[in-house]
Amino acid sequence: MTLSEKISKLKQEKDVVILAHYYVDGEVQDVADFVGDSYALAKKAALVDQQNILFAGVSFMGESAKLLNPSKHVYMVDETAGCGMADMINAEQVRKVRAQYPEAAVVCYVNSSAEVKAESDVCVTSSNAVKVVGGMKEKQIYFIPDSHLAHFVAAALPEKEFIYHNGYCPIHQMIDEASLLKAKEAHPKALVLSHPECADDILKHSDYIGSTADIITFARNNEAEEYIVATETGVFHQLKKENPNKEFYPVNDCQVCHDMKKVTLEKIENILENLDAQNEIILEDQIMEQAKNPLEQMLVLAK
Ligand code: 13P
Ligand code: SF4
């Protein structure tokens, strides 16, 4: 029996659903029951029938699944898989800025800890941020932690007033303009598809800007044969699977989120064998209570 077959069998025996993000390795995406961007994963997590969710992604994604599904057991494939951007802000910092700007709504990118969500009014993901913030009554928006996504949303909503935090994704930050210009020169016919976590000097050269799932949808529906893709290279698996006759190029060789790559088939098999308490997401009751509100609010406003 192959490792993938063993995993399929164990999933059924143990009543487990595997949810995976597009940045994990292709072979992991292929054993998952559902693969998506952060928004699709949050929606899916709220709907699954199984008693156990095994999350092939990083901690903020597993925490969101737990917050939306308090009665279920949520396990991480690797409990040390975190997000460099999420670590760039803490609850105390949010409380300080909130006190300084009492009129502002705190809008929290889903790439954040449960403690930070607990201090926030609404969550957003890259695929719904413009819609959610655009639908809010408050004019002043304190957007945390990603400054690049915040500027992208601010440009789309000039009627709002933004207060920025200085967070960023360490992986998207390494996608640099010089490398992009070189890639464009090497592939002059290619369209540039970028994630809004990229800095403005990448976004300004882009033909399309969107979440991982939006980038995949764009490439599926577009007739161009070549694309330069400015996001983590895990998305190439789905892009190539759906478009075997199209070419996809990275901007440089830094587009790898090492936390996402901690998720392996061997670890999935091991966890399914034991459903180890060490890998289960457990959150304090008060954090659970407060942090689920902004996520639920997002699901309503993004509809
Ligand atoms: P998506 O919501 O686009 O999948 O992005 C998640 C993420 O972590 C990007 O770095
Ligand atoms: Fe976090 Fe960046 Fe990795 Fe996404 S790619 S999980 S934002 S560190």
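Extent of the chain along its three principal axes (Cα atoms, max minus min coordinate, largest first): 53, 50, 29 Å. From the cross-link list 43/96; 9/44; 117/262, which pairs have alpha carbons spaced over 27 Å apart? Pairs exceeding the cut-off: 43/96. The gain in end-to-end length when the residue 46 to residue 161 segment is fully stretched comes to 38.2 nm, 0.36 nm per residue minus the alpha carbon separation.
Counting other C-beta atoms within 10 Å, and keeping those with at most 13, which DSSP coil GluC sites (Glu not before Pro) do you find in the stretch 86-144? Present the calculation step by step, with values, prior to reporting the outcome.
On the way: sites: 92, 103, 115, 119, 138; in loops: 103, 119, 138.
Passing sites in the stretch 86-144 are 103.
Between beta-carbons, use under 13 Å as the cut-off and find the net charge around residue 253, counting Lys and Arg +1, Asp and Glu -1. Provide the component values of the computation, followed by the final result.
Numbers: positive: 182; negative: 176, 232.
With Lys, Arg at +1 and Asp, Glu at -1, the neighbours total -1.
A quarter of the convex hull surface defined by the alpha-carbon atoms of the stretch 139-219 gives 5.8 nm² as the mean projection. By the compact-protein rule of thumb, 2.2 N^0.38 Å, the alpha-carbon radius of gyration of the stretch 1-76 corresponds to a ratio of 1.02. Show log10 I(q)/I(0) for the stretch 240-287 at q = 0.17, 0.21, 0.23 Å⁻¹, two decimals, from a solvent-free Debye sum over equal Cα scatterers. One equal scatterer on each Cα of the stretch 240-287 leads to -0.81, -0.90, -0.95.
Rounded to the nearest 20, the size of the Cβ-charge dipole of the chain about its Cα centre is 620 debye, with Lys and Arg at +1 and Asp and Glu at -1.
Could you work out [θ]222 nm for the chain from helices alone, using -39500 (n - 2.57) per DSSP H run of at least four and dividing by all its residues? Round to the nearest 500 deg cm²/dmol.
On the way: 14 runs with 124 residues, N = 303.
Per the formula, -11500 deg cm²/dmol.
Suppose the Debye formula is applied to equal point scatterers at every Cα of the stretch 1-130; what is log10 I(q)/I(0) at q = 0.18, 0.19, 0.20 Å⁻¹? Log10 I(q)/I(0), no solvent term: -0.97, -1.06, -1.15. Using alpha carbons only, how many angstrom separate the centre of the stretch 91-130 from the centre of the stretch 253-303? Using only Cα atoms to place each centre, the spacing works out to 19 Å.
FRET efficiency for the pair residue 280 and residue 33, taken as 1/(1 + (r/R0)^6) with r the Cβ-Cβ distance and R0 = 25 Å, rounds to 0.85.
Average projected area of the Cα convex hull of the stretch 172-303, in nm²? Walk me through the numbers before you get to the answer.
Working: hull surface 44.7 nm².
That works out to 11.2 nm².
With Cβ to Cβ distances under 12 Å as the rule, what net charge do the other residues near residue 139 carry (K, R +1; D, E -1)? Result for the neighbourhood of residue 139: -2. Toward the positive end of the charge dipole of the chain, with +1 on the Cβ of Lys and Arg and -1 on the Cβ of Asp and Glu, the farthest Cα among 60, 290, 20 is that of 290.
Per residue, the average separation of C-alpha pairs within less than 8 Å and at least 6 apart gives the stretch 51-171 a relative contact order of 22 percent.
Annotation for residue 90 and residue 6: the two label points, set 7 Å from Cα along the Cα-Cβ direction, are 4.1 nm apart.
Length available on full extension from residue 200 to residue 253: 0.36 nm per residue minus the Cα-Cα distance, which gives 17.1 nm.
For the stretch 138-222, the tally of Lys pairs with Cα-Cα distances below 21 Å comes to 4, considering only residues 8 or more apart or on different chains.
Rounded to the nearest 20 debye, the dipole magnitude of the stretch 252-295 is 200 debye, with +1 charges on Lys and Arg beta carbons, -1 on Asp and Glu beta carbons, and the Cα centre as origin. Here the stretch 172-303 is treated with +1 on each Lys and Arg Cβ and -1 on each Asp and Glu Cβ, and its dipole about the Cα centre works out to around 500 debye. Each 10 Å bin from 0 upward holds the following percent of the Cα-Cα pairs of the stretch 70-125: 21, 45, 26, 7, 0. For the stretch 262-303, the alpha carbon convex hull comes to 124 Å³ per residue, rounded to a whole number. Distant-in-sequence amide contacts of residue 209, defined by a placed amide H-H separation under 5 Å and a gap of 5 or more residues or a different chain, comprise 194. Ranked by the mean number of other Cβ atoms within 10 Å of their residues, highest first, the peptides 127-133, 170-176, 229-235 come out as 229-235, 127-133, 170-176.
Among 97, 154, 258, whose Cα projects farthest towards the positive end of the dipole of the chain, with charges put on the beta-carbon of Lys, Arg (+1) and Asp, Glu (-1)? With unit charges placed on the Cβ atoms, the residue in question is 154.
Take 202-209, 73-80 and order them by the average number of nearby Cβ atoms within 10 Å per residue, most first; the result is 73-80, 202-209.
Considering only 123, 110, 134, and ranking their Cα positions along the charge dipole of the stretch 100-141 that arises from unit charges at the beta-carbon of Lys, Arg, Asp and Glu, the one farthest toward the positive end is 134.
Computed from the coordinates by the stated procedures, all read-outs in this text should not be read as laboratory data. In this text, all values refer to a predicted model and were calculated from it rather than measured experimentally. Cβ coordinates were reconstructed from backbone atoms using ideal geometry, including for glycine residues, and neighbour counts include every protein chain displayed.
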